[in-house]
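**Student:** Got a structure here, written out as structure tokens. Questions coming.
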């Protein structure tokens, strides 16, 4: 339950990986990488795609391609870009992240309008872009409503600010809203998504956007040491995950809902069911420190994450209905013995 990054490749995925045709991707000659990039761009409704090692790398490449040293990028204060990416934008690009406090991680059009720096004030950095996270990890997998995305897009366009979407779990958002992922991606200039989370591949993300942007990101990827060589075997896993992983995300969401409803009935747990929209369940444990709670659960084979009083459980293809019931039993027993 620690994360959907813990999905394991299936026997069929391993087979297609082993049989994948490969070539040197730095020269653009890996046919399987090229197929993945083309398929990803098509799914996102963008001109081109770039296969990279991780979502963190994809976001960093987007920042470096969109902004220059001394520029600023707006993001939610609980976003992965601001909290969990090693200050890469500042350390490697000289680019400042401006965090905004939001409701559920959703930056309103009004907030964006107020945060964009005036171009005629030399004391302030220039706003280059706004980064949005969909679904929002630290807010419990909340999906951005489509209306909010479009309003933000319109506000950004008025100020000539680029919109980048950290869509690590964009397919979860699409499943929750019952729309195609490209409908959500259409609200951003550039978007990244992970094949290594709920989709089930062992590694990798794809960054998508206009061809000139992808050309710039590819150059930055090389400078950061991220040039693939014969990466087709990893790309084959990504293609398999797109073919087989998207449709089954609704199962993860159903398991998360069952888990959340069961947890909400256990004494000592505080949980907002309205935030359980996809595959992430965040709750508070009051009778004991989270570290003690997680350690006791781990003794019984249930692993989670968190800190303070906050716990996060994540469903994925390695957590079936029986696993949800096991988790509920273990949590109930742990808290009953507290």
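The values are calculated or read from the model by the stated rules, or taken from the named source; none is laboratory data. Worth saying up front: this structure is predicted, and the values here are computed from it rather than measured. Cβ coordinates were reconstructed from backbone atoms using ideal geometry, including for glycine residues, and neighbour counts include every protein chain displayed.
**Student:** Which pairs do you get when a residue that is without any contact (Cβ under 8 Å) to a residue 24 or more places away in the chain and at positive phi, found in the stretch 2-28, comes within reach of a residue that is surrounded by 11 or more Cβ atoms within 10 Å (Cβ to Cβ) and assigned to a helix (DSSP H, G or I), reach meaning Cβ atoms under 8 angstrom, with the pair 6+ apart or on two chains?
**Tutor:** 28/34
**Student:** Test each condition in (1) part of a loop (DSSP other than H, G, I, E, B); (2) under 18 Å from residue 315 (Cα atoms); (3) without any contact (Cβ under 8 Å) to a residue 60 or more places away in the chain for residue 278 and report the one that comes out false.
**Tutor:** For residue 278, the failing item is (3).
**Student:** Also, I was wondering about something else. Mind counting the residues in the stretch 317-338 that are exposed (fewer than 15 other Cβ atoms within 10 Å of the Cβ) and farther than 30 Å from residue 244 by Cβ?
**Tutor:** Taking the stretch 317-338 first, the residues exposed (fewer than 15 other Cβ atoms within 10 Å of the Cβ) are 318, 320-322, 325, 329, 333, 336-338.
Within this subset, residues satisfying the condition of being farther than 30 Å from residue 244 by Cβ are 329, 333, 336-338.
Final tally of qualifying residues: 5.
**Student:** Can you spot a residue in the stretch 64-81 that is closer than 25 Å to residue 171 by Cα, at pLDDT below 95 and within 13 Å of the chain's Cα centre (by Cα)?
**Tutor:** No; the residues of the stretch 64-81 include none that is closer than 25 Å to residue 171 by Cα, at pLDDT below 95 and within 13 Å of the chain's Cα centre (by Cα).
**Student:** Then there is this: Looking only at the stretch 259-273, count how many residues are touching a strand residue (DSSP E or B) at 6+ places or on another chain (Cβ under 9 Å) and under 21 Å from residue 169 (Cα atoms). Give the steps one after another, and end with the answer.
**Tutor:** Here is the first cut: in the stretch 259-273, the residues touching a strand residue (DSSP E or B) at 6+ places or on another chain (Cβ under 9 Å) are 259-260, 263-264, 268-272.
Then keep just the ones that are under 21 Å from residue 169 (Cα atoms); that gives 259-260, 272.
Of the residues in that region, 3 qualify.
**Student:** Exactly one of these conditions fails for residue 99: (1) touching a helix residue (DSSP H, G or I) at 6+ places or on another chain (Cβ under 7 Å); (2) closer than 24 Å to residue 220 by Cα. Give me its number.
**Tutor:** So residue 99 meets the others, but not (2).
**Student:** Go through the residues of the stretch 203-220 one by one and say whether even a single one is at pLDDT 95 or above, under 19 Å from residue 247 (Cβ atoms) and not in a helix (DSSP H, G or I).
**Tutor:** Step one: of the stretch 203-220, the residues at pLDDT 95 or above are 203-220.
Applying the additional criterion that residues be under 19 Å from residue 247 (Cβ atoms) yields 206.
In the following step, the residues that additionally are not in a helix (DSSP H, G or I) were identified as 206.
The answer is yes; a qualifying residue exists.
**Student:** If I go through the stretch 107-129 residue by residue, how many of them are over 17 Å from residue 147 (Cβ atoms) and assigned to a loop (DSSP other than H, G, I, E, B)? Can you show your working first?
**Tutor:** Of the residues in the stretch 107-129, the ones over 17 Å from residue 147 (Cβ atoms) are 114-129.
Filter once more, so that each one left must be assigned to a loop (DSSP other than H, G, I, E, B): 116-125.
Qualifying residue count for the region: 10.
**Student:** On to the next question. Might you check whether a residue that is without any contact (Cβ under 8 Å) to a residue 24 or more places away in the chain and farther than 28 Å from residue 211 by Cα occurs anywhere in the stretch 84-99?
**Tutor:** No; the residues of the stretch 84-99 include none that is without any contact (Cβ under 8 Å) to a residue 24 or more places away in the chain and farther than 28 Å from residue 211 by Cα.
**Student:** Do we have any residue at all in the stretch 167-177 that's at pLDDT 95 or above, under 21 Å from the mean Cα position of the chain (by Cα) and over 24 Å from residue 58 (Cα atoms)? Outline the logic, then answer.
**Tutor:** Quick first cut of the stretch 167-177, residues at pLDDT 95 or above only: 167-177.
Right, trim to under 21 Å from the mean Cα position of the chain (by Cα) and you get 167-177.
Okay, now just the ones that are also over 24 Å from residue 58 (Cα atoms), so 177.
Taking every residue of the stretch 167-177 in turn, at least one turns out to be at pLDDT 95 or above, under 21 Å from the mean Cα position of the chain (by Cα) and over 24 Å from residue 58 (Cα atoms).
**Student:** On to the next question. Consider the stretch 221-232. How many of its residues are assigned to a loop (DSSP other than H, G, I, E, B), touching a residue at least 40 places away in the same chain (Cβ under 8 Å) and more than 12 Å from residue 58 (Cα to Cα)?
**Tutor:** Of the residues in the stretch 221-232, the ones assigned to a loop (DSSP other than H, G, I, E, B) are 224-231.
In the following step, the residues that additionally are touching a residue at least 40 places away in the same chain (Cβ under 8 Å) were identified as 224, 226-231.
Now restrict to residues that are more than 12 Å from residue 58 (Cα to Cα): 227-231.
Looking only at that region, the number is 5.
**Student:** Just the residues that are without any contact (Cβ under 8 Å) to a residue 12 or more places away in the chain and under 25 Å from residue 96 (Cβ atoms), please, taken from the stretch 129-157.
**Tutor:** Residue satisfying the conditions is 157 alone.
**Student:** Among the residues of the stretch 114-152, how many are within 30 Å of residue 178 (Cβ to Cβ), touching a strand residue (DSSP E or B) at 6+ places or on another chain (Cβ under 6 Å) and surrounded by fewer than 21 Cβ atoms within 10 Å (Cβ to Cβ)?
**Tutor:** Residues in the stretch 114-152 being within 30 Å of residue 178 (Cβ to Cβ), touching a strand residue (DSSP E or B) at 6+ places or on another chain (Cβ under 6 Å) and surrounded by fewer than 21 Cβ atoms within 10 Å (Cβ to Cβ): 1 in total.
**Student:** Okay, moving on. Take the residues in the stretch 202-248 that are under 14 Å from the mean Cα position of the chain (by Cα) and over 11 Å from residue 49 (Cβ atoms), then tell me which one is surrounded by the fewest Cβ atoms within 10 Å (Cβ to Cβ).
**Tutor:** Among them, the one singled out is 203.
**Student:** Output the residues belonging to the stretch 298-316 that are crowded, with 20+ Cβ neighbours inside 10 Å and either within 17 Å of the chain's Cα centre (by Cα) or part of a loop (DSSP other than H, G, I, E, B) (or both). Walk me through how you get there before you give the answer.
**Tutor:** Residues of the stretch 298-316 that are crowded, with 20+ Cβ neighbours inside 10 Å, as a first pass: 302, 304, 311-316.
Residues satisfying the conditions are 302, 304, 312, 313, 314, 315, 316.
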